1. Within the range 661-676, work out how many residues are touching a residue at least 40 places away in the same chain (Cβ under 8 Å), open to solvent by 10 Å² or more (accessible area, probe 1.4 Å) and outside any loop (DSSP other than H, G, I, E, B).
2. Residues that are under 26 Å from Ser85 (Cα atoms), of a type in the set (Ser, Thr, Tyr) and touching a helix residue (DSSP H, G or I) at 6+ places or on another chain (Cβ under 8 Å): does the range 358-370 have at least one?
3. Please identify the pairs in which a residue from the range 146-167 that is of a type in the set (Gly, Ala, Ser) has its Cβ atom under 6 Å from the Cβ atom of a residue that is open to solvent by 10 Å² or more (accessible area, probe 1.4 Å) and in a helix (DSSP H, G or I), counting only partners at least 6 apart or on another chain.
4. Among residues belonging to the range 99-135 that are among the acidic types (Asp, Glu) and closer than 30 Å to Met180 by Cα, point out the one that is most open to solvent (accessible area, probe 1.4 Å).
5. Can you name the residue in the range 343-357 that is in a loop (DSSP other than H, G, I, E, B) and out of contact with any helix residue (DSSP H, G or I) (no Cβ under 7 Å at 6 or more places or on another chain) and is also farthest from Glu373 (Cα to Cα) among such residues?
6. Tell me which of these Gln544 doesn't satisfy, since it passes every other one: (1) among the polar types (S, T, N, Q); (2) touching a Ser or Thr at 6+ places or on another chain (Cβ under 6 Å); (3) open to solvent by less than 20 Å² (accessible area, probe 1.4 Å).
7. For the range 439-485, how many residues are in a strand (DSSP E or B), hydrophobic (A, V, I, L, M, F, W, C) and open to solvent by less than 40 Å² (accessible area, probe 1.4 Å)?
8. Thr350 - would you say it is touching a residue at least 60 places away in the same chain (Cβ under 8 Å), at negative phi and under 22 Å from the mean Cα position of the chain (by Cα)?
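The values are calculated or read from the model by the stated rules, or taken from the named source; none is laboratory data. Note that this is a predicted model, so its numbers are computed, not measured. FYI the Cβ positions are ideal-geometry reconstructions off the backbone, even for glycines, and counts take in every protein chain you see. The protein model used for the area step is the full one, side chains on, heavy atoms only, and it has no ligands, DNA or RNA in it. Shrake-Rupley method; radii C 1.70, N 1.55, O 1.52, S 1.80 Å.
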Amino acid sequence: MPLRRRILSIAAVALAMSTSVSVVAQAKAASYKPVKGSEILWDKWGVPHVFAKNTKDMFFLYGYAQTQAHAELMMHVMAASRGRSSEIYGAGDGDRNLKTDRWVWLNEIPKRSEVWLGQQTPEFRGYLEAFAAGINAYAAAHPEKLSHEAKQVLPITSLDIIQHTHHFVNFEFVSNRNAMEPHGVAPTTQASLELPDSPFAPTNLDMQDGSNGWAIAPSHTVAGGAMMLMNPHLSMGGETTYFEAQLVAPGINLTGASQVGLPVMRFCFSDYVAITNTVNTGTGSLQFKIKEQDGGYLYDGKVMKYETAQYPFRVKQKDGSFTTEVVQVQKTVHGPIVRRDDGSPIALMTSGLDRPFFLEQYWKMDTSHNFAEYEAQLKRVQVPTYNILYADRDGHIEYLFNSMAPRRTGDWATWTRPVDGSTSATMPTGYLTYDELPKQIDPASGYVQNSNEPPWDASWPTMMDRSKYPAYISSFFPLFRSDRGLRMLSEDQKISFDMLLQKKFSTRMEMADRVLDDLLTDVDQSSSTRAKQAAAVLKTWDRQAEANSRGALLFYTWAQKFVSPSVGMTTAAAQKNFAVPYDYNQPLTTPRGIKDPKLAVQMLVDAADETEKLYGSIDRPWGDVMKLEINGQSDGNTAATRGPALNGVSLPGNGGYGNLGIFRVFTWGPLLDGKKTPVHGDGFTIALEFSKTGIKQAKTFVYYGESSQAGSPFHTDELPLMEKKQWRDVWRTRPEILANLSSKDTF
């Protein structure tokens, strides 16, 4: 039987009043009381500094703080991970909630999460229960801060925390609901910027999702202490929102961030260690083409029966009535059937479904005191994805291509499309171990880095030998953003903390340095008046994406023609116009040059016409079009109405598309009313420096603010920092925090 969903119309049913739910939440909250004297100090940027008397109370206060800053978002992501968001919030723009619910039930996230919860250690389960209790405590104490819909999600339990983590990690990062879309057909919400199966899929507008991460060894720093840059790039709102906090309890002092709803920090530092992540190119999401026969499917010459299940859920309609949709699950030995390509069922295998300790591993990594303790946690391989970068006060650094990489046959190309699912020859047999994964520990270069490129140049010029690893583990292709990072890391013999802060804000386009001189020479030799007019603009352009940069819009438009609409170079077709092809051993000089001068010049003529049509003139300043603001599309869902800028704050933008080789990444959404606004990019960032005894100094920003609650003063307050390319201080000592206090909660 094919995968199908039955939509059953039912009579309108009034939703239960939220009062009864609030009573339950109050009862849940009342059962947990932190030790008297525990407190949350909120600084003037809205960052919570949690001071708890014990670790369990710290988790409680962390849940409380997250909910105070993001109550509506917290409830929405929890409802989504239950597969109930469309019941409470409706189908959503572009059916976003409805698609999420289908995806959750198709992959049986609730069922598996119950098993995972039961496998947690008593100690860590206690932490999860405390975190959930903190969420409920805030909701019970401040019911006026939650909408009618949000109250229906309460109470939150430890199962919700596991479900949300499982959904967010395994089924947004490893696999993604785009897998349900028919092969070769664009998703309905084409530009929603949800994480695709690969961070380089075309659903990402003209940019790749991802991050920048640097770890710099003492040998490469001016002051002689290790430094780190944590610079994730995700949507500027919604479920990928980062929440910065400090967590203090006896023996614990952590600062960092993670997504709302996660009880541990994925980006974290203490006086001992620092950890950051980037999205990697691992293939933990595999697809298999199934051959059906006699009501079942063929596997090793035998007809196997599908394992089936049905999961009904309700969908709220615009008139307040409900329909019921039933997700029909069919599973092979590989996993659920997620779609049909030309009539053939496609089964999905997602890595990590037998590894329930993602949160505990991160917690123990965060609280480790040295590299040996940290590495012992990595060896558990409970985290199914992400590059993980590390630095510590002892001077050690590491880059790890972390992945639950299924052990299998074939190369990278083999697994970029569905493989034959009728034979066990294609069935993976376990995962690669930590020792088998690409990594660099304390390399001679003095640094490790990643900007979502394949792992091989993590510590260039100390390159990894691809031949030593399975051919399927990762691809190789050029990425100008990572090349720009490598250039900035390698151009100075030693880097100071101030230099690190400055380099982070670089808007220079690496691609321009590879091709622009040749393009200008080619134009000089042409007879095109229009090309020469355009070239005159590019000659005086600063090759940056600053607010006042004239020529950046023109070059970007030309690059879309020269490379691809996304300016991504993951395919041979996208690289065909370069004179010198990519050599992964030479990331700073390849690809480069122009193969066909006449074609490139004609592209410039076409780009000039298009730039003038779209933006009004070929030399319009970048910041006249690119505007820094928070609006209805900041969460990446460009199917939603953009609407006005929140609080009326709309500022000239700088930074831009990473595919152009810009290190300061912003993905600008669709052009509406003459402007583009960010839907992805530099949101949360931390730069830090160790001394031999701990953290010497640290700077940070969260450009979309520390709170998404309506009316919060901490939502648009950091946009001026964004415009001016400024950092703010990280306060970690009690005197510093009290000197910059906004408010406090005492328990």
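1. Within the range 661-676, the subset touching a residue at least 40 places away in the same chain (Cβ under 8 Å) is 661-671, 674-676.
Narrowing further to those that are open to solvent by 10 Å² or more (accessible area, probe 1.4 Å): 670-671, 674-676.
With outside any loop (DSSP other than H, G, I, E, B) added as a condition, the list becomes 675-676.
Count: 2.
2. Here is the first cut: in the range 358-370, the ones under 26 Å from Ser85 (Cα atoms) are 358-359.
Restricting the remaining residues to those that are of a type in the set (Ser, Thr, Tyr) gives none.
No, that holds for no residue.
3. From the range 146-167, the pairs are Ala150/Glu72; Ser158/Glu129.
4. Ranking the qualifying residues of the range 99-135, first place goes to Glu114.
5. Going through the range 343-357, the residues in a loop (DSSP other than H, G, I, E, B) turn out to be 343, 351-357.
Filter again for out of contact with any helix residue (DSSP H, G or I) (no Cβ under 7 Å at 6 or more places or on another chain), leaving 343, 354-355, 357.
Values: Gly343: 51, Asp354: 24, Arg355: 20, Phe357: 17 Å.
Only one residue tops the list, namely Gly343.
6. (3)
7. Within the range 439-485, the subset in a strand (DSSP E or B) is 439-441, 447-450, 459, 462.
Those left that are additionally hydrophobic (A, V, I, L, M, F, W, C): 441, 448.
Now drop any that are not open to solvent by less than 40 Å² (accessible area, probe 1.4 Å), which leaves 448.
Matching residues across the range 439-485 total 1.
8. Working: touching a residue at least 60 places away in the same chain (Cβ under 8 Å): yes; at negative phi: yes; under 22 Å from the mean Cα position of the chain (by Cα): yes.
Spelling it out, Thr350 is indeed touching a residue at least 60 places away in the same chain (Cβ under 8 Å), at negative phi and under 22 Å from the mean Cα position of the chain (by Cα).
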